[in-house]
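Heads up: the structure comes next, in structure tokens.
The values are calculated or read from the model by the stated rules, or taken from the named source; none is laboratory data. Computed from a predicted structure; not experimentally measured. Note that we place each Cβ from the backbone using ideal geometry, even for glycine, and neighbour counts take in every protein chain shown. We work out accessible area using only protein heavy atoms, side chains counted, and drop any ligands, DNA or RNA first. Shrake-Rupley method; radii C 1.70, N 1.55, O 1.52, S 1.80 Å.
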Amino acid sequence: DAGVIQSPRHEVTEMGQEVTLRCKPISGHNSLFWYRQTMMRGLELLIYFNNNVPIDDSGMPEDRFSAKMPNASFSTLKIQPSEPRDSAVYFCASSPVGTGGEQYFGPGTRLTVT
Amino acid sequence: AQSVTQLGSHVSVSEGALVLLRCNYSSSVPPYLFWYVQYPNQGLQLLLKYTTGATLVKGINGFEAEFKKSETSFHLTKPSAHMSDAAEYFCAVIVWGTYKYIFGTGTRLKVLA
């Protein structure tokens, strides 16, 4: 099993640019999560999907952030326009049904906005 | 509301010594509890979990944790630390009725030669 795949692994962009982060969950997992990790705020859940439907997006910081899951094998997190305070590591995780909630994390995307 | 508290943001142990990382939880319903490990520049990896049943849970890499309801604790232990155990460790609880985690603030473990 390839695990959760995220791309790109590193992204450096200028303030005001659009950034798109991508995630491929583990096949057969029906829940997908986007997290942000910073030194100041730790791990924050941004949004999660169940069966491709957004269930809770209360962690999305602003309207500049949006997430989609068009099918069971792909999700995107978009920031438009990006700001320096968005610099963080963004993780995607997926979870299979019926396992008591364990989540499998991807390697993360390190975003730097200058 | 549910929550977890990790005591000690940094813990140092000598190689071969006991590892003890503390996690206390708050929950009005039976909690599902997890420990995750994060190595530098990597994502989080599940070490072990407690849902129901046996209160002593064994995980990967020789780690184990004991669910103690009377103490509202779920401390992580390993009898003998190895240099490769140096990482950050997160305790988490699932919010009842959802798939969301509440993570602790993490404990960075340093292993001294």
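List of remarks:
- Whole-Å distance, taken between Cα centres, linking the stretch B:90-113 and the stretch B:19-52: 5 Å
- Take the Cα of A:Ser27, step 7 Å toward its Cβ, do the same at A:Phe74, and the gap between the two points is 1.6 nm.
- Summarising the strand pairing of the protein assembly as shown, around 90 percent of its internal DSSP beta bridges are antiparallel.
- Between A:Ile55 and B:Leu18, the distance separating the two model label sites (each 7 Å from Cα on the Cα→Cβ line) works out to 3.8 nm.
- Largest accessible area first, the residues A:Tyr104, B:Tyr101 order themselves as A:Tyr104, B:Tyr101 under a 1.4 Å probe with ligands, DNA and RNA left out.
- Beta bridges per DSSP, both residues in chain B: antiparallel share near 90 percent.
- Sorting B:Lys100, B:Lys58, B:Lys78, B:Lys68 by accessible area puts them as B:Lys58, B:Lys68, B:Lys100, B:Lys78; the probe is 1.4 Å, largest comes first, and only protein heavy atoms count.
- As a length-normalised measure over Cα pairs under 8 Å and 6 or more apart, the relative contact order of chain A settles at 37 percent.
- 11 Å beta-carbon shell around B:Thr77, net charge (K/R +1, D/E -1): +1
- Per-residue mean of C-beta atoms belonging to partner chains within 10 Å, peptide A:50-62: 1
- Mean partner shielding of peptide A:104-110, defined as the number of other chain Cβ atoms within 10 Å of each residue Cβ, is 3.
- Contour minus Cα-Cα distance for A:Arg64 and A:Glu14 (0.36 nm per residue): 16.5 nm
- Solvent-accessible surface of chain B, averaged per residue with a 1.4 angstrom probe and all protein chains in place: 49 square angstrom.
- Dipole-positive endmost among A:Leu21, A:Pro84, A:Pro61 within chain A (Cβ charges, Cα centre): A:Leu21
- Element breakdown for the protein assembly as shown at a 1.4 angstrom probe: carbon and sulfur atoms account for 53% of the accessible area.
- Eligible lysines near A:Lys24 by straight Cα distance, threshold 18 Å, same-chain separation 8 or greater: A:Lys68, A:Lys78
- Protein-only accessible surface at a 1.4 angstrom probe places the residues B:Glu88, B:Glu71 in the order B:Glu71, B:Glu88, largest first.
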